[in-house]
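Here the structure is laid out as structure tokens; the discussion comes afterwards.
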Amino acid sequence: MRYADKMKNVKKSAIRSVMADASENGTVDYISFASGFPDPEAIPQEKLEEVGHKILQEKTYEVLQYGSAQGYTGLIESSKSFINKHECICTSDDDIIITTGSQQGLDLVSKIFCDEGDYVVVENPSYLGALNSFKCNGAKLLGVSLEEDGVNLKELEEAFKKGPKVFYTIPNFQNPTGVTTSLEKRKEIYNLAVKYDVVILEDNPYGYLRITGEEVPSIKSLDQDHRVVYAASLSKIISPGMRTGIICASKDIISKLFMAKQSGDNHTNNLSQYMMDAFLRETDMDAHIKHLQSLYAKKCNFMLEMIKKYFILLFMSLNQKVVCLYGLIYLMESECQNSFSLLLRSM
């Protein structure tokens, strides 16, 4: 087969293989920390069952018919209210498009900005799903190293001098390092993007799950000339299986994303959109997120206790209680390993 040259640099994700294994088998005999599965306790099953049943009874035709590529109007409105509740992210000059998971949003952004051979600047290391999206759309990647408070600004400016179209960043609990970019660096990142005319793709899948420290304003909230594209996800705070993502950007950018999405899946699943809209409108989201933060704080603290107790050799970086493990990790005797697994399952 004569495949496109751009596919030569696309790598299969080992994490996606783990996720497929877990979802296909239902349960597995190990606990994987490789993938981003939300804890089952974090998924609001009863409320989703309630709104789903009601919607299928009352809005049968609407959810089973074709929808708009931009998304269900109700969800566009409720998601805008949600992301704007604590800071001004989506302004009157902006619009929103609903995507099939935030992953599709990243892919659509790369489609509308990247020609074959264009540069995209990324944090090094970064989320493999985004990197593959950029590569699949013909982009070349320029990696910039991370420091404890975000990207190395000198390296970032040198990369910007090469004329990239997009800078992809995960400023809150970066995947995979856990680094959170400081406010000072967020401001400087934005200033450099203005100076060199670079679009910032700000990915925020984990920001609502902060379990310690103060929230840091988004780069999108600093945007004065409509160059920041803000990608949010409902996967980590409601349900990943419903595949509902949010992109907020200038109306001009959203219009281009609209056309790109039309040529892809036409529109995101209607039932998922209606259910997410009902959930956002009928749920006290502040209380819901506090519940998630409490749940994950407990598990994080428990895991750290078990690591201290049972791990012999550990190279560990702690950043605002987001844990990343590097190097070889040796467990003690097999009975300790079994105890560790059992203790995790008992939480």
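Among the residues of the range 204-234, those that are at pLDDT 95 or above, polar (S, T, N, Q) and crowded, with 20+ Cβ neighbours inside 10 Å comprise ASN204, SER218. Of all residues in the range 167-200, those satisfying the criterion of being over 23 Å from LYS236 (Cβ atoms) and among the β-branched types (Val, Ile, Thr) are ILE189, VAL194, VAL198, VAL199.
Is it fair to say ASP252 is open to solvent by less than 20 Å² (accessible area, probe 1.4 Å), among the charged types (D, E, K, R) and under 30 Å from ARG227 (Cα atoms)? Spelling it out, it is not the case that ASP252 is open to solvent by less than 20 Å² (accessible area, probe 1.4 Å), among the charged types (D, E, K, R) and under 30 Å from ARG227 (Cα atoms). When restricted to residues that are farther than 18 Å from LYS162 by Cβ, of a type outside the set (Phe, Trp, Tyr) and out of contact with any Gly (no Cβ under 7 Å at 6 or more places or on another chain), the range 178-190 contains 7.
The set of residues in the range 288-308 being surrounded by 14 or more Cβ atoms within 10 Å (Cβ to Cβ) and among the polar types (S, T, N, Q) consists of GLN293 alone.
Quick one: which helices (runs of 4 or more DSSP H) sit completely within the range 51-134 and have at least 1 residues that are aliphatic (A, V, I, L, M), closer than 30 Å to LYS154 by Cα and at pLDDT 95 or above?
Once the helices (runs of 4 or more DSSP H) in the range 51-134 are filtered for at least 1 residues that are aliphatic (A, V, I, L, M), closer than 30 Å to LYS154 by Cα and at pLDDT 95 or above, what remains is 101-113.
Residue selection: LEU156 fails the criterion of being under 18 Å from ASP203 (Cα atoms) and either out of contact with any helix residue (DSSP H, G or I) (no Cβ under 7 Å at 6 or more places or on another chain) or surrounded by fewer than 20 Cβ atoms within 10 Å (Cβ to Cβ) (or both).
Residues that are out of contact with any Phe, Trp or Tyr (no Cβ under 6 Å at 6 or more places or on another chain) and assigned to a helix (DSSP H, G or I) within the range 194-208 comprise VAL194, LYS195, GLY207, TYR208, listed in sequence order.
Determine whether the range 160-169 contains at least one residue that is among the aromatic types (Phe, Trp, Tyr), modelled with pLDDT of 95 or more and closer than 30 Å to MET242 by Cβ.
yes
If I filter the range 80-120 down to residues being among the aromatic types (Phe, Trp, Tyr) and more than 17 Å from the chain's Cα centre (by Cα), which single residue comes out as least open to solvent (accessible area, probe 1.4 Å)? Checking each candidate, the answer is PHE113.
Filter the range 160-179 for residues that are out of contact with any helix residue (DSSP H, G or I) (no Cβ under 9 Å at 6 or more places or on another chain) and open to solvent by less than 10 Å² (accessible area, probe 1.4 Å); which is farthest from VAL120 (Cα to Cα)? Checking each candidate, the answer is GLY178.
Only one residue in GLU62, GLU123, GLU77, GLU46 is under 21 Å from the mean Cα position of the chain (by Cα), acidic (Asp, Glu) and surrounded by fewer than 20 Cβ atoms within 10 Å (Cβ to Cβ). Which one? Explain how you work it out, then say what you get.
Numbers: GLU62 fails: under 21 Å from the mean Cα position of the chain (by Cα); GLU123 fails: surrounded by fewer than 20 Cβ atoms within 10 Å (Cβ to Cβ); GLU46 fails: under 21 Å from the mean Cα position of the chain (by Cα).
Residue meeting the stated conditions: GLU77.
A residue that is over 20 Å from ILE76 (Cα atoms) and in contact (Cβ under 8 Å) with a residue 24 or more places away in the chain occurs somewhere in the range 227-234. Of the residues making up the range 230-245, just one is more than 18 Å from ARG210 (Cα to Cα) and under 10 Å from the mean Cα position of the chain (by Cα), namely GLY245.
The values are calculated or read from the model by the stated rules, or taken from the named source; none is laboratory data. Bear in mind that the values here come from a model prediction, so they are computed numbers and not experimental data. We place every Cβ from the backbone using ideal geometry, glycine too, and count neighbours over all the protein chains shown. Heavy atoms of the whole protein, side chains included, go into the accessibility calculation; ligands, DNA and RNA do not. Shrake-Rupley method; radii C 1.70, N 1.55, O 1.52, S 1.80 Å.
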